[in-house]
Amino acid sequence: MGLHYGQEIFEGLKGYRGKDGGLYLFRAKENFKRMNRSAVRLCMPEVDVDLVMEGLKKLILLDQEWVPRSEGTSLYIRPTMIATEPHLGVRPSNTYLFYIIIGPVGPYYKEGLNPVKIYVEDKYIRAAIGGTGEAKTAGNYAASLLAAEEAKEKGFTQVLWLDAAERKYVEEVGTMNMVFVIDDEVITAPLTGSILPGITRDSVIHILKDWDVKISERNLTIDEVIEAAKSGSLKEAFGTGTAAVISPVGQITYKGEDHIVAGGKMGELSQRLYDEIVAIQYTAKEDTHGWVERIG
Ligand SMILES: *Cc1c(COP(=O)(O)O)cnc(C)c1O
């Protein structure tokens, strides 16, 4: 049933080796809480967060030699749930499998943080309000592949999605939330149901508040972004997500016009945020938010 009717949900997080050689997780409980919200949306059963946290810790401890030690490396963790009932006919499955895949990953940025070129998608849409956009579920990604492939053929790394109703407001990119810095305002799309509530996005918001930087969760039109790029007030743009942490945007292309962002380089705030989050994750810096948990 999972293959026919798409009841599949997943999460993505990482395990890190700290300065002391110990094993650490970053905000892992938030991932299972989000998985449960995805489960409700897809008519799938919720997991007991404390129980799966225990299971995850035991799994990592058993396989701890797979957590790599060199700089910037980590253990990728992919909790997954699929419908397994052998049945044809549209209704929720009566059986499910929950499992966790883990595997060592190298540094996301092999040659430094290279800004990406993004293509503003004005033909296809990813998710509409009321749909499944805020759930981490397979169908959202299947629906995004054609746009991503067409953008890749044109030389772009990512698609920037606009809202489904009006193709007017910026939403997010493939597997990252988007943040724009216009003059001294940092702006990210509000969680209105069509975008994924990223944990990195949430961490960025908390850190910016700590730093007294103005952060607005508000609707931002693509026209405002392009105007700001033209006038020079678009200082930076970046994606936020577990894999890359912060992914700077060097170029935005909309309706055939290229706009260079931050001189095509990584912006100052992007770099500061990246350094801060990575330092907390690898325990090089004090964790004042209670985000990091030592598991062994
Ligand atoms: C996973 C994901 C994100 C980022 O979420 P994090 O919790 O920060 O990793 C953003 N958008 C989409 C569509 C995603 O699938």
**Q.** the range 248-270 residues that are in contact (Cβ under 8 Å) with a residue 40 or more places away in the chain, paired with ones that are part of a strand (DSSP E or B) and surrounded by fewer than 16 Cβ atoms within 10 Å (Cβ to Cβ) (beta carbon under 8 Å, 6 or more apart)
**A.** Gly250/Ile260; Gln251/Asp258; Gln251/Ile260; Ile252/Asp258
Q.
For Arg34, only one of the following conditions fails: (1) of a type in the set (Lys, Arg); (2) closer than 13 Å to Glu293 by Cα; (3) within 13 Å of the ligand (Cβ to nearest atom). What is its number?
A. (2)
Q | Neighbours by Cβ (under 8 Å, 6+ apart or cross-chain): first from the range 65-93, not assigned by TED's automatic domain parsing to the domain that holds Gly241 and at pLDDT below 95; second in a loop (DSSP other than H, G, I, E, B) and aromatic (Phe, Trp, Tyr) | A | Gly72/Tyr108; Gly72/Tyr109
**Q.** strands (runs of 3 or more DSSP E) completely within the range 151-200 that count 3 or more residues being modelled with pLDDT of 95 or more and farther than 26 Å from Glu30 by Cα
**A.** none
**Q.** Residue match in the range 135-145 (condition: assigned to a strand (DSSP E or B), surrounded by 14 or more Cβ atoms within 10 Å (Cβ to Cβ) and in contact with a helix residue (DSSP H, G or I) (Cβ under 9 Å, 6 or more places away or on another chain))
**A.** yes
**Q.** Selection from the range 155-178 of residues that are touching a residue at least 40 places away in the same chain (Cβ under 8 Å) and over 23 Å from Gly130 (Cα atoms)
**A.** Phe156, Thr157, Gln158
Q.
I'm told Ala279 meets every condition in (1) without any contact (Cβ under 8 Å) to a residue 24 or more places away in the chain; (2) closer than 26 Å to Ala127 by Cβ; (3) among the aliphatic types (A, V, I, L, M) except one. Can you identify the failing condition by its number?
A. (2)
Q.
For the range 119-153, which positions are more than 14 Å from the ligand (Cβ to nearest atom) and over 28 Å from Asn36 (Cα atoms)?
A. Tyr119, Val120, Asp122, Lys123, Tyr124, Leu146, Glu149, Glu150, Ala151, Lys152, Glu153
Q) Are any residues in the range 6-48 among the polar types (S, T, N, Q) and in contact with a helix residue (DSSP H, G or I) (Cβ under 9 Å, 6 or more places away or on another chain), and if so, which ones? A) Gln7, Asn31, Asn36
Q. Inside the range 216-296, counting only strands (runs of 3 or more DSSP E) that do not spill past its ends, which hold 1 or more residues that are surrounded by fewer than 18 Cβ atoms within 10 Å (Cβ to Cβ) and touching a Phe, Trp or Tyr at 6+ places or on another chain (Cβ under 9 Å)?
A. 245-254, 292-294
Q) Only one residue in Arg167, Arg218 is away from the ligand (no atom under 13 Å from the Cβ) and either farther than 29 Å from Glu276 by Cβ or in the same structural domain as Arg37 (by TED's automatic domain parsing) (or both). Which one? A) Arg167
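The values are calculated or read from the model by the stated rules, or taken from the named source; none is laboratory data. In this text the structure is predicted, and so the values were computed from the model without any measurement. Neighbour counts run over all protein chains shown; Cβ positions are idealised from the backbone, glycine included.
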